[in-house]
Each structure stands twice: as structure tokens, then as C-alpha cells.
Amino acid sequence: MHEIVFRKKKYLQLPAAISSLNKDTKIAKKLSFHFCTNSKFNLNSKDWPNLEYIEIIGCRYFEFSLDFSIPSKIKQIFFANAEYVDIMEIKGEFPEFYSWQFENSKFIKFKGQFSGENNLNTLQFSNVQRSELFNSSTDLPFLENLLFLDGCNFFKVNLSLLKAPKLERIWFKKSNYLNIISLGTVEGQLKSFKFEKCAYPKLNVDFSRLSRLIPDQKETQSELLNFKDDRTHFRSVKQLDPIKTSNDSLPVNSLEKDFYNSVQTEEDSLNSAKNFLNSPTETILKFCPTCGNENPQDATFCSSCGLKFR
């Protein structure tokens, strides 16, 4: 799979930065951003016609939007260890888009409108704190599952501006201090409403009526396994302790070190660098697994931290 990776970039502006790239974005099937800050990612069909997967890990202070005037091939979007993210306008045709996942993140805000043909089926948050949903009109005609799992603390849920006629499953699990403002029009169509081990919730909905929708515990666990999405196209990230990170910013430096040391091996980095190539004459780089510094392929030691390569 042809992948383009941006690492440790500041003030990255897409699509403005496309012209300076020596990479063919039109054939890229996966786009990844690792530890980029103060950026704006506006992806469009002109520059990314074959894009299928988007991976955003360890990024902070950025805006994200999609504008596809021709049918997009995007299937999944994955955010992890992200902070201060504004989801802006999502518009266009996304016939294959079925899963959007957020993990170990903070301050995710859905600010813009969702419009066009959007086949998003599952929206999942795991250990995502202090975030807000749907501050503008949002049309998700194929959304069936809305999941808040394992540490979605201080989350603000307001579905009054959401149009999702097929949404039938909302689950909250091990998430504290939730502020459920409104379930909007979806309240009357739900088939499963699970509320498990959530302390100090603020409920502005008729929970007594919804409680009858909670299925049997064995049935719930079985269904949850069936709705886990395919993660094989994304890198793994370290799970954060939701209690230790509840009042502080994400430990970005530690996350970055763990990511390069434990997750992305030297071979993985070299493979990602090879994907950047446009011609056989370009220089192949390899990335230090400790500090992430770029080094020539034949380097014995990292030019930044001095690590000896195997």
C-alpha cells in the first residue's frame, strides 16, 4: 500500500503544501500524520483521489476537514493521542467510509457541518476526554453505532443537531462525569442503549425509559465483538491511563518516544521512507527508533542522538 507520512511538522497546511512535495499524492492510498502541531489538514478529491485510510497520531492544535466533489475511496479514519482538534466541514461523497475511530485523545470538537453522501456506519471514542459532538448540523444517514468506551470522561454529548435515521445503538462504558445534554430525534429509534460503570453522569434525558433498551450482558459483549472495526491498516499506539491524564495535557514527548521505540521499528520506518520515493535516483532515508531523526540509509549511528543502528 502506497503511504505518504508527515512526521513532526509544524504549521503544515494542506492542500497549500502539496506543491512543495516530491510525492505523487494521486496514487497514495494511505495518508499519515505523526506528531504534527499547529496545522490545518483540508483534504480534497483533486489531490487525494485514491486515498483509503487516514491515520493521525500524536498531533496537536489542528483542524481537519474533507471536501470531495467526486466519490471518495476513504474507508476508515483513525485518530490517536490527539489533542485540541477541531473537526470542520465534512462534505462530498463517501460511499465506502464506514468507520471513524478516536483513541486516547482530548479536546476533540465537531464544529463544522456534515453534508453530502456519507456512509459512515460506526463512530467510536475510546478514552477520549473533554470533547464535544455536533455543534453544527450533521447528516449521517447510515450511522448505526455510536460508542463511548473506557475513559470518555467529561464528554459532552448533544445530538440535537444530528440527523441519523438508522442510529440504533449507543453505548457508554467506564466513562465518568458525562454530560448527556440531548439525544435529539434518535432517542425514539434506539434499539440498544447501554450505560455501564459510568460514575457521576449528568443526564438530561429520560433514562428510565431508555433503561428498558439495555440488552442482556452476554448479548451485549457478543454484539460489541462483532462491531469492532478492522485495525490492520493502522499502527498500534500505547493505551493511556485515563485517571492520570484526566486533568493534564497528554505527555507528548513520552508518547512520541514510546511510539518510535515500541511500535514503529527501524524496518517499519525504512519501509515508510521507501514509499516517499518518486524515482530510483532519490535518497532512501531511515528513521531513528529513539528520536525519529532522518538518517541516510547506510548510516551506522544516528546523527542526532548517537544511537547505533543494528
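The values are calculated or read from the model by the stated rules, or taken from the named source; none is laboratory data. Predicted model, so just to flag it, every value in this text is computed and none were measured. When we count neighbours, we look across all protein chains shown, and the Cβ atoms used for this are built from the backbone with ideal geometry, even at glycine. Areas reflect the complete protein model, heavy atoms only, side chains present, ligands, DNA and RNA absent. Shrake-Rupley method; radii C 1.70, N 1.55, O 1.52, S 1.80 Å.
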- Query: With each pseudo-label sitting 7 Å past Cα toward Cβ, what's the residue 119-residue 166 distance in nm, one decimal?
  - Reply: 0.9
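Restricting to bridges with both residues inside region 61-146, how much of the DSSP beta-bridge set is antiparallel, in percent to the nearest 5?
On the way: 0 of 31 bridges.
In region 61-146, approximately 0 percent of DSSP beta bridges are antiparallel ones.
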- Points 7 angstrom from Cα along the Cβ direction at residue 137 and residue 10: gap in nanometres? 4.0
- Could you go through region 101-108 in sequence order and give the Karplus-derived ³J(HN,Hα) for each residue, using 6.51 cos²θ - 1.76 cosθ + 1.60 with θ = phi - 60°, rounded to whole Hz, and x for Gly and Pro? 10, 10, 10, 6, 10, 9, 6, 9
- Message: If I compute solvent accessible area with a 1.4 Å probe over the protein chains, what percent of it on region 88-221 is carbon and sulfur?
- Response: 47
- Task: Name the long-range amide H neighbours of residue 92: under 5 Å, sequence gap of 5 or more, or other chain; modelled H, no Pro or chain starts.
- Result: 68, 115, 116, 117
- Item | Inter-site label distance for residue 96 and residue 154 at 7 Å from Cα along Cβ, in nm | 3.9
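Whole number in Å², please: accessible area per residue of region 66-211, 1.4 Å probe, ligands, DNA and RNA not counted. Write out the running numbers ahead of the final one.
Working: 5190 Å² over 146 residues.
Ligands and nucleic acids excluded, the figure is 36 Å² per residue.
Gain in length, residue 308 to residue 199, computed as 0.36 nm per residue apart minus the alpha-carbon separation, to one decimal in nm? Each step should come with its number before you reach the end.
Values: separation 109, 0.36 × 109 = 39.24 nm, distance 4.86 nm.
Gain on stretching residue 308 to residue 199: 34.4 nm.
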- What ranking do 14-21, 178-185 get when scored by the average of other Cβ atoms within 10 Å per residue, highest first? 178-185, 14-21
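Rank 88, 1 by accessible area, highest first, at a 1.4 Å probe radius? If you can, show how the numbers build up before the last one.
Values: 88 55, 1 115 Å².
Ranked list, largest accessible area first: 1, 88.
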- Message: Multiplying the sequence separation of residue 236 and residue 189 by 0.36 nm and subtracting their Cα-Cα distance, what value in nm do you get?
- Response: 13.4 nm
- Query: Counting only the heavy atoms of the protein chains, how much of residue 303 is accessible to a 1.4 Å probe, in Å² to the nearest 10?
  - Reply: 100
